[in-house]
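Student: Here it is: the structure, laid out below.
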Amino acid sequence: MATFFVNGAEYTVEKKQKLLRFLRDELHITSVKDGCSEGACGACTVLIDGEPCRACVPDTERLDGRRVLTVEGLSDFEKAAYTFAFGEAGAVQCGFCIPGMVLCAKSLLDKRSDPTEEQIRFAIRNNYCRCTGYVKIVAAIRLAGKILRERTIPLPSVTDWKIGSRVQRLDVEEKVLGYGKYPDDFYMDGMCHASAVRSKYARARVKSIDASLARNLPGVIAVLTAADIPGANKIGHISHDQYTLIPVGGLTHYLGDAVAIVVAEDRETLEKAKKLVKVDYEVLTPIRSIEEASAPFAPLVFEEEPSNVQSYRCFRRGNAADAIKNAKFVLSEHFETPCTEHAFLEPECAVSYLDADGDVMILSSDQSPHTTLRECRMMLGTERVKVRNALVGGGFGGKEDLSVQHHAALAAYCVRRPVKVKLSRAESLLVHPKRHHFEMDFTMGCDENGKILGLKAVCKSDTGAFASLGAPVLERACIHAAGPYAYENFEVEGTAYYTNNPPAGAFRGFGVTQTCFAVETLLNQMADLVGISPWELRYRNAIRPGGVLPNGQIVDESTGLVETLEAIKPFYDEAVAAGKPVGLACAMKNAGVGVGLPDYGRCKLIIKEDGKAHIHTGASCIGQGLGTVLTQMVVSATGLRREDIVYERADSYIGPDSGDTSGSRQTLVTGEACLRACEKLREAKGDRPLAELIGEEFYGEYYAKTDPLGANVPNPVSHVAYGYATQVCILDSKTGLIETILAAHDVGKAINPLSCEGQIEGGVVMGMGFALREQYPIDSNCKPIEKFGELGLFRAHETPAVKAIVVEKPGLNVACGAIGIGEITSIPTAPAVADAYFRLDGERRLTLPLANTPYARK
Ligand code: FES
Ligand code: FES
């Protein structure tokens, strides 16, 4: 037992428990986030007697007489100061890390009112942020210090909500003060908890399941098995190849496969009961690598398939072999890139219950409520399902596939009570699809002037246990393997293999991150062979408006690669002239799904009883700021004031299906749909006040039409738009540490330049992790890493200066010319960093993470 204070109120706590559980489960102080429950992420940071402490570490009984502070306990002035500072600096994206950051800042600023950047970075060193790259969080803390010193909350520097304005995001306050709700923040009357019993073996046949002991444990409400599923057992993002629950007789594909779901009154009972479910297996040899999967007579991951090949793509244009044969300079190299983890700060969680209509409602943290809806309907065998997004604590592609939503829905459907399913961090690391491990062989030929004549590439990927998005990732990797350059002899062959490793799927960059590392590294080598600078080589070959990409597409006026090269040149030249080791790389990335697939943006503006225009769409905001983008579009296109507009979180029952938040597509496709809805509203409204339109709806739809791969046309339109980028990495030649990364990105039109910078800074730091440190090791039993703290993510005090350069190149005739940049920000970083290290020590590194750098892990 202990008596202590929380935000000034005294509590006596009898039960021994972690402080985090007491704050969240008993006091419902949900600003204190549960990102890992293992003392690694910092999302649960509180102050104890003024010092930062991770609330998941101490037991309450150690807190006698101590004073605990959460953001709810800040003074009103402090709340206003931190909200303003974080909003003004653009420091809030998904928001999951932010209350913890604020408390670290308070602890620092209470002691030092005007800290240095180094002191700020040191103060937040134990708190990870996966979205922002820390740049704007550091700026926010500095600004908060100024406001607290001067005791005055300034006016926002920008109040105009029109397109192009650096206005503060609309979700800042709820995220800074922690009252915005992620799924785990919902506590409902009668709510119980559910969790999956997962397979003990990566490849095994389930012979029997005995849940009798678990069912008899007091506090257990149900143990569900495949026999309890009313609809189809198999679900999956594209192919329906994944069991919701492995039936008796079924084959497991990886260690994340669920065999049963236990539903219990509380978490403790749940964990005990899971251990009591007895499963008998016939253990089979797992397939652990591309090599094993492709060996003759290899066992099959899917018994019904003829081989372990999940997907094969071959793309040819011109005659690459001849072009290479006739080239003056030819280079051939083998590259490998690792499987990596998204490491979003919010682990997967869903809450499901029967709503007032008797429908199964799912509160979810995902990248498309409509995708979740389709799969859960199929599984439950009923249309009576609804999905609504809560706040999403980061996704980066890792929340495109179902993880917990179907389990929560099944449990709520069966037990007729609200049910929460939340993954532990170890489960999260195991369950959601990762970035694909790639093995690649590239050959390139150039003439004496450095003009690229042809490229041949062979790419193999380990797509793990299920199809997920393995095929589209492979496609995107192949189509972008040639880089953003003007040549037409290109041949690429790609194969994705099933293995019994955790599945791989969407991850920021969608396969392009991997092939970009190969082609850009080869180009840097080629520049040395030709005897010109890497910058000059890019400039000579860069795709320009009207040019033809190696995939055959004629690019439009919005093509801004040259402008990114020109924007970065003064910095590049200066660093080279100063004798610093400098690496450079470029990239292109599609915006929109493309290649002939259905790609719709949809949006509704509804004038409600409050006399305001409510923006409804099925497009998820996963932290990138879609709500702010759409609001700025509505202000610009309708002339309404910001106060007249309400952005509603995505759902499946009012918001029309606008596809997944994936492929850097929402600003473009949902943005254009929103503008079309605005046009109708503007016409209907005329000079009337909005109040006269109450009850009316205005619907906008945009179809991004493209040609399928292999279309029988001379110049297929594979994608409606591409973003382009050039990044430069500058090293400190004495320490070997990165001094600065410069990132020039062509965004078409920056709807909100502050948000664009934030995307670039965060993407670059994620790209640095991919280049230098991040790994997702998997052992010989196909068991992956279990600890968040061991992923190798960069911390605030380890990140170098990142300079974002936003380049606007008009020409795209939809969405006001805006091209999404969610993914490209991470893509060229690794080859730029790799080349900088080559310039430092002469070692050409062809495998990631890069070996022999000061950042390399033992
Ligand atoms: S939840 Fe406590 S450190 Fe991650
Ligand atoms: S804003 Fe920091 S983790 Fe998303």
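The values are calculated or read from the model by the stated rules, or taken from the named source; none is laboratory data. Note that this is a predicted model, so its numbers are computed, not measured. Every residue, glycine among them, receives a Cβ derived from its backbone with ideal geometry; neighbour counts consider all protein chains shown. Heavy atoms of the whole protein, side chains included, go into the accessibility calculation; ligands, DNA and RNA do not. Shrake-Rupley method; radii C 1.70, N 1.55, O 1.52, S 1.80 Å.
Student: Give the residue, chosen from Ala804, Ala832, that is small (Gly, Ala, Ser), touching a residue at least 60 places away in the same chain (Cβ under 8 Å) and open to solvent by less than 10 Å² (accessible area, probe 1.4 Å).
Tutor: Result of the check over Ala804, Ala832: Ala832.
Student: Can you tell me which of Arg149, Arg112 is in contact with an Asp or Glu (Cβ under 8 Å, 6 or more places away or on another chain), open to solvent by 10 Å² or more (accessible area, probe 1.4 Å) and either farther than 21 Å from Cys36 by Cβ or within 16 Å of ligand 1 (Cβ to nearest atom) (or both)?
Tutor: Just one listed residue meets the conditions, Arg149.
Quick grid of which residues meet (1) touching a helix residue (DSSP H, G or I) at 6+ places or on another chain (Cβ under 8 Å); (2) free of Cβ contacts under 8 Å to residues at least 60 places away in the same chain; (3) among the acidic types (Asp, Glu):
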| position | (1), (2), (3) |
| --- | --- |
| Lys749 | yes, no, no |
| Gly789 | no, no, no |
| Glu823 | yes, no, yes |
| Leu848 | yes, no, no |
| Thr853 | yes, no, no |
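Student: Condition first: polar (S, T, N, Q) and open to solvent by less than 40 Å² (accessible area, probe 1.4 Å). Now tell me which residues in the range 4-46 satisfy that.
Tutor: Hits for the range 4-46 are Gln17, Thr30, Ser31, Thr45.
Student: If you don't mind, there's one more thing I want to ask. Looking at the range 542-582 only, could you name the residues that are assigned to a helix (DSSP H, G or I) and either in contact with a strand residue (DSSP E or B) (Cβ under 8 Å, 6 or more places away or on another chain) or open to solvent by less than 20 Å² (accessible area, probe 1.4 Å) (or both)?
Tutor: The answer is Leu561, Val562, Glu563, Thr564, Leu565, Ala567, Ile568, Phe571, Tyr572, Ala575, Val576.
Student: Same structure, new question: Find the residue count for the range 31-62, including only residues that are part of a loop (DSSP other than H, G, I, E, B), away from ligand 2 (no atom under 16 Å from the Cβ) and under 27 Å from the mean Cα position of the chain (by Cα).
Tutor: Qualifying residue count for the region: 5.
Student: It is to be established whether one or more residues within the range 696-706 are of a type in the set (Val, Ile, Thr), buried (at least 21 other Cβ atoms within 10 Å of the Cβ) and in a loop (DSSP other than H, G, I, E, B).
Tutor: Yes, that holds for at least one residue.
Student: Only one of Lys16, Lys79 is more than 16 Å from ligand 1 (Cβ to nearest atom) and at pLDDT below 95. Can you tell me which?
Tutor: Lys16
Student: Which count do you get for residues in the range 596-634 that are open to solvent by less than 10 Å² (accessible area, probe 1.4 Å) and over 29 Å from Glu757 (Cα atoms)?
Tutor: Selection size over the range 596-634: 1.
Student: Collect the residues in the range 117-140 that are of a type in the set (A, V, I, L, M, F, W, C), more than 9 Å from ligand 2 (Cβ to nearest atom) and in a helix (DSSP H, G or I), keeping them in residue-number order.
Tutor: Answer for the range 117-140, where residues must be of a type in the set (A, V, I, L, M, F, W, C), more than 9 Å from ligand 2 (Cβ to nearest atom) and in a helix (DSSP H, G or I): Ile120, Phe122, Ala123, Val135, Val138, Ala139, Ala140.
Student: For the range 430-446, state whether one or more residues are away from ligand 2 (no atom under 16 Å from the Cβ), assigned to a helix (DSSP H, G or I), closer than 30 Å to Lys33 by Cα and not polar (S, T, N, Q).
Tutor: Yes; the residues of the range 430-446 include at least one that is away from ligand 2 (no atom under 16 Å from the Cβ), assigned to a helix (DSSP H, G or I), closer than 30 Å to Lys33 by Cα and not polar (S, T, N, Q).
Student: If you don't mind, there's one more thing I want to ask. Which of the residues belonging to the range 793-813 are modelled with pLDDT under 95 and touching a Pro at 6+ places or on another chain (Cβ under 8 Å)?
Tutor: The one that is modelled with pLDDT under 95 and touching a Pro at 6+ places or on another chain (Cβ under 8 Å): Gly811.
Student: Tell me, please, whether a residue that is farther than 27 Å from Gly547 by Cα and of a type outside the set (Val, Ile, Thr) can be found in the range 708-718.
Tutor: Checked against the condition, which is being farther than 27 Å from Gly547 by Cα and of a type outside the set (Val, Ile, Thr), the range 708-718 yields no hits at all.
Student: Can you tell me which condition Phe315 does not meet? The list is (1) crowded, with 17+ Cβ neighbours inside 10 Å; (2) among the aromatic types (Phe, Trp, Tyr); (3) assigned to a loop (DSSP other than H, G, I, E, B), and all the others hold.
Tutor: Result: Phe315 passes all but (3).
Student: Sticking with this structure for a sec: Could you tell me which numbered condition Val279 fails, if it satisfies all but one of (1) open to solvent by 30 Å² or more (accessible area, probe 1.4 Å); (2) outside any strand (DSSP E or B); (3) more than 24 Å from Ala390 (Cβ to Cβ); (4) at pLDDT 95 or above?
Tutor: (2)
Student: Also, I was wondering about something else. Please name all residue pairs, on different chains or six or more residues apart, with Cβ atoms under 8 Å, provided the first residue is in the range 409-420 and is under 10 Å from Cys192 (Cα atoms) and the second residue is small (Gly, Ala, Ser) and part of a loop (DSSP other than H, G, I, E, B).
Tutor: Arg417/Gly190; Pro418/Gly190
Rundown of residues vs (1) within 29 Å of Leu373 (Cβ to Cβ); (2) of a type outside the set (A, V, I, L, M, F, W, C); (3) open to solvent by less than 20 Å² (accessible area, probe 1.4 Å); (4) assigned to a loop (DSSP other than H, G, I, E, B), yes/no style:
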{"residue": "His193", "(1), (2), (3), (4)": "yes, yes, no, no"}
{"residue": "Tyr201", "(1), (2), (3), (4)": "no, yes, no, yes"}
{"residue": "Lys207", "(1), (2), (3), (4)": "no, yes, no, no"}
{"residue": "Ala214", "(1), (2), (3), (4)": "no, no, yes, no"}
{"residue": "Pro218", "(1), (2), (3), (4)": "no, yes, no, yes"}
{"residue": "Ile221", "(1), (2), (3), (4)": "yes, no, no, no"}
{"residue": "Gly231", "(1), (2), (3), (4)": "yes, yes, no, yes"}
{"residue": "Ser239", "(1), (2), (3), (4)": "yes, yes, no, yes"}
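Student: Take the conditions away from ligand 2 (no atom under 16 Å from the Cβ), farther than 21 Å from Ala504 by Cα and either open to solvent by 20 Å² or more (accessible area, probe 1.4 Å) or in contact with a strand residue (DSSP E or B) (Cβ under 7 Å, 6 or more places away or on another chain) (or both) and apply them to Ala411. Does it pass?
Tutor: Against the criterion (away from ligand 2 (no atom under 16 Å from the Cβ), farther than 21 Å from Ala504 by Cα and either open to solvent by 20 Å² or more (accessible area, probe 1.4 Å) or in contact with a strand residue (DSSP E or B) (Cβ under 7 Å, 6 or more places away or on another chain) (or both)), Ala411 qualifies.
Student: For the range 687-720, which residues satisfy the criterion of being more than 24 Å from Lys589 (Cα to Cα) and touching a residue at least 60 places away in the same chain (Cβ under 8 Å)?
Tutor: Passing the criteria: Pro689, Leu690, Ala691, Leu693, Ile694, Gly695, Glu696, Glu697, Phe698, Tyr699, Gly700.
Student: Another question, if that's okay. Right, Gly87: open to solvent by less than 30 Å² (accessible area, probe 1.4 Å) and touching a Phe, Trp or Tyr at 6+ places or on another chain (Cβ under 9 Å) or not?
Tutor: No, not satisfied.
Student: Tally up the residues in the range 691-743 that are closer than 20 Å to Arg665 by Cα and small (Gly, Ala, Ser), please.
Tutor: Result for the range 691-743: 6.
Student: I need every pair where a residue in the range 339-366 that is more than 12 Å from Gly395 (Cα to Cα) has its Cβ under 6 Å from the Cβ of a residue that is in a strand (DSSP E or B) and within 16 Å of ligand 1 (Cβ to nearest atom), sequence separation at least 6 or different chains.
Tutor: Here the result reads Cys349/Lys422, each pair linking the range 339-366 to a residue that is in a strand (DSSP E or B) and within 16 Å of ligand 1 (Cβ to nearest atom).
Student: Pick from Ala350, Ala320, Ala343, Ala298: which is among the small types (Gly, Ala, Ser) and farther than 26 Å from Thr252 by Cβ?
Tutor: So the residue among Ala350, Ala320, Ala343, Ala298 that is among the small types (Gly, Ala, Ser) and farther than 26 Å from Thr252 by Cβ is Ala320.
Student: Of the residues that make up the range 285-293, is at least one within 19 Å of Cys782 (Cα to Cα), open to solvent by 10 Å² or more (accessible area, probe 1.4 Å) and at pLDDT below 95?
Tutor: Checked the range 285-293: no residue is within 19 Å of Cys782 (Cα to Cα), open to solvent by 10 Å² or more (accessible area, probe 1.4 Å) and at pLDDT below 95.
A quick yes/no check of all residues on (1) under 26 Å from Leu429 (Cβ atoms); (2) open to solvent by 10 Å² or more (accessible area, probe 1.4 Å); (3) within 16 Å of ligand 2 (Cβ to nearest atom):
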residue: Phe335; (1), (2), (3): yes, no, no
residue: Ala343; (1), (2), (3): yes, no, yes
residue: Pro347; (1), (2), (3): yes, no, yes
residue: Gln367; (1), (2), (3): yes, no, yes
residue: Thr371; (1), (2), (3): yes, yes, no
residue: Met378; (1), (2), (3): no, yes, no
residue: Gly381; (1), (2), (3): no, yes, no
residue: Val385; (1), (2), (3): no, no, no
residue: Val392; (1), (2), (3): yes, no, yes
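Student: Has the range 86-105 got any residue that is more than 16 Å from ligand 2 (Cβ to nearest atom) and either modelled with pLDDT of 95 or more or in contact with a helix residue (DSSP H, G or I) (Cβ under 9 Å, 6 or more places away or on another chain) (or both)?
Tutor: So far as the range 86-105 goes, no, none of its residues is more than 16 Å from ligand 2 (Cβ to nearest atom) and either modelled with pLDDT of 95 or more or in contact with a helix residue (DSSP H, G or I) (Cβ under 9 Å, 6 or more places away or on another chain) (or both).
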